[in-house]
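Written below as structure tokens is the structure these notes are about.
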Amino acid sequence: MKKENINESPGGIQGKQRPRILVSGGGTGGHIFPALSIADELKGRLDAEILFVGAENRMEMTRVPEAGYKIIGLPVAGFDRKNLLRNFKVVWKLLSSMGKAKKIIEDFKPRVVVGVGGYASGPVLKAAQQAGIPTLIQEQNSYAGVTNKLLAKKADCICVAYDGMDKFFPAEKIIKTGNPIRKRLLSEGLSRKEALESFGLSADRKTLLVVGGSLGALTINESMAAGIRNLVGQGIQVIWQTGKNFGNRGIEAAKGLKGVVVTPFITDMAAAYRGADLVISRAGAASISELQALGKPAILVPSPNVAEDHQTHNALALSEVGAAVLVKDSEAREKLVAEAINLLGQPEKMKEMSDKISAMGITDSAQRIGDEVCKLINR
């Protein structure tokens, strides 16, 4: 990739020092995958020196080093809304994290700080703003969280994935960039037939992909366990990722059935997406961005256990324009499988959904965010 010519590149571009960029956030794959995509873009474009800051004992502390980047953990944790007494410890961790974040900023001296959401993002961006360092917020959801709304007042740029975000953020700071997704999903070279054959399935049958995250989504899993024989009876193949928390219950439910692949984790998501005619998924920002980029018709079952109920807002942004179908978590056991069978029997309806969700997709999000980082460095 061609290296960007920037005015201040704090080691390797035109003999100058490399730009130092700090990326903060994590907690879920929905935060980590975009953060890594942004880091890869900046490293390739600017030869930037990247440092991540995450939350101790969260998944970024292993995923980021696996991707080849250094990360420092903060003791920060989320507020417990059910047991308020536990928040005394949370407040102490927040104050400790603020002090540590300030020290990281002083030692690393970043040119720009990028926040992607998650517990660590708040203290780090706050410390950067207090130090006068430019900050960029990457808001993945259609409903902004409390921390990002507070940070937005002093942020220099806010990259969003949905229209209408000026109800949360100053309009003059907003840039619509979309959410970066895993590059391999876009570069998959398999045909649908080859993708399905890699799972031992046939290209002659309609295929349903069911995903609920690495841990699994209990409601989706129980709905599938109850309805898997009905799906197979309708001639539908199923690729079902149960997540690790569902144990062997999915395998037991599908015992003796042909045309069903049950696994705790799908290692080749690019092939799974390529082979799927319809996808059942939670409505996290990363999942929706992947569905949009790949043009996949989907039934979205928003998780009820997330802050500000943002998954419902994400799903509504699609369902209200006919780009996806929303099934409430509380109604999934009754309606989910029947809705999947209904949609798979309507190819014209699924084609319409595919066209509409594709129209919402942005496939160069990391590059767009990289453009905004370069502007802040050049400023």
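The values are calculated or read from the model by the stated rules, or taken from the named source; none is laboratory data. Note that the structure is predicted; figures quoted are calculated from it, not measured. FYI the Cβ positions are ideal-geometry reconstructions off the backbone, even for glycines, and counts take in every protein chain you see. All accessible areas refer to the heavy atoms of the entire protein, side chains included, with ligands and DNA or RNA removed. Shrake-Rupley method; radii C 1.70, N 1.55, O 1.52, S 1.80 Å.
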Task: Signed unit charges on C-beta, dipole axis of the chain, positive-most listed residue 319, 344, 17 - done: 17
Task: Reciprocal mean inverse distance between Cα atoms of the chain - Kirkwood radius, Å - done: 21.7 Å
Open item on the list: Checking the cross-link filter: which aspartates and glutamates have an alpha carbon closer than 20 Å to that of residue 335, excluding same-chain neighbours under 8 positions apart?
Closed with: 222, 277, 320
- [ ] Might you tell me the accessible area per residue for segment 169-222, computed with a 1.4 Å probe and given in Å²?
- [x] 48 Å²
Open item on the list: Relative contact order of segment 89-153, please, whole-number percent, based on alpha carbon pairs below 8 angstrom and at least 6 residues apart.
Closed with: 31 percent
Open item on the list: As an exercise, take the mean of 1/r over every pair of distinct alpha carbons in segment 297-379, invert it, and state the Kirkwood radius in angstroms.
Closed with: 14.9 Å
Open item on the list: What's the magnitude of the charge dipole for segment 106-192 around its Cα centre, counting Lys and Arg as +1 and Asp and Glu as -1 at the beta-carbon? Answer in Debye, nearest 20.
Closed with: 180 debye
Open item on the list: How far apart, in nanometres, would the label points at residue 248 and residue 352 be if each is projected 7 angstrom from Cα along the Cα-to-Cβ direction?
Closed with: 4.5 nm
- [ ] Return the carbon/sulfur percentage of the accessible area of the chain, one whole number, probe 1.4 Å, all protein chains in place.
- [x] 50 percent
- [ ] Any chance you could look up the accessible area of residue 21 with a 1.4 Å probe, heavy atoms only, rounded to 10 Å²?
- [x] 0 Å²
Task: For segment 200-209, 3J(HN,Hα) per residue [Karplus equation, 6.51 cos²θ - 1.76 cosθ + 1.60, θ = phi - 60°, Hz, x = Gly/Pro] - done: x, 10, 9, 7, 8, 10, 4, 10, 10, 9
TODO: Could you tell me which of 261, 132, 374 has its Cα farthest along the dipole of the chain towards the positive end, charges placed at Cβ (Lys, Arg +1; Asp, Glu -1), taken about the Cα centre?
DONE: 132
Task: Extension gain, residue 66 back to residue 226 (0.36 nm per residue minus Cα-Cα distance, nm) - done: 53.9 nm
- [ ] Please give the per residue volume of the convex hull enclosing the alpha carbon atoms of segment 110-238, rounded to a whole number of Å³.
- [x] 172 Å³
Task: For segment 270-357: accessible area per residue (Å², 1.4 Å) - done: 37 Å²
Task: Cα-centre dipole for segment 65-164 with unit charges at Cβ (Lys and Arg positive, Asp and Glu negative), debye to 20 - done: 460 debye
Task: Contour minus Cα-Cα distance for residue 17 and residue 149 (0.36 nm per residue) - done: 44.2 nm
Open item on the list: More than 14 angstrom separation, counting every C-alpha pair in segment 223-304; what % is that?
Closed with: 66 percent
Open item on the list: Using the basic label-point model (7 angstrom from Cα toward the beta carbon), what is the residue 131 to residue 378 distance in nanometres?
Closed with: 2.5 nm
- [ ] Work out the FRET efficiency for residue 192 and residue 368 from their Cβ-Cβ distance, taking R0 = 41 Å, and round it to the nearest 0.05.
- [x] 0.90
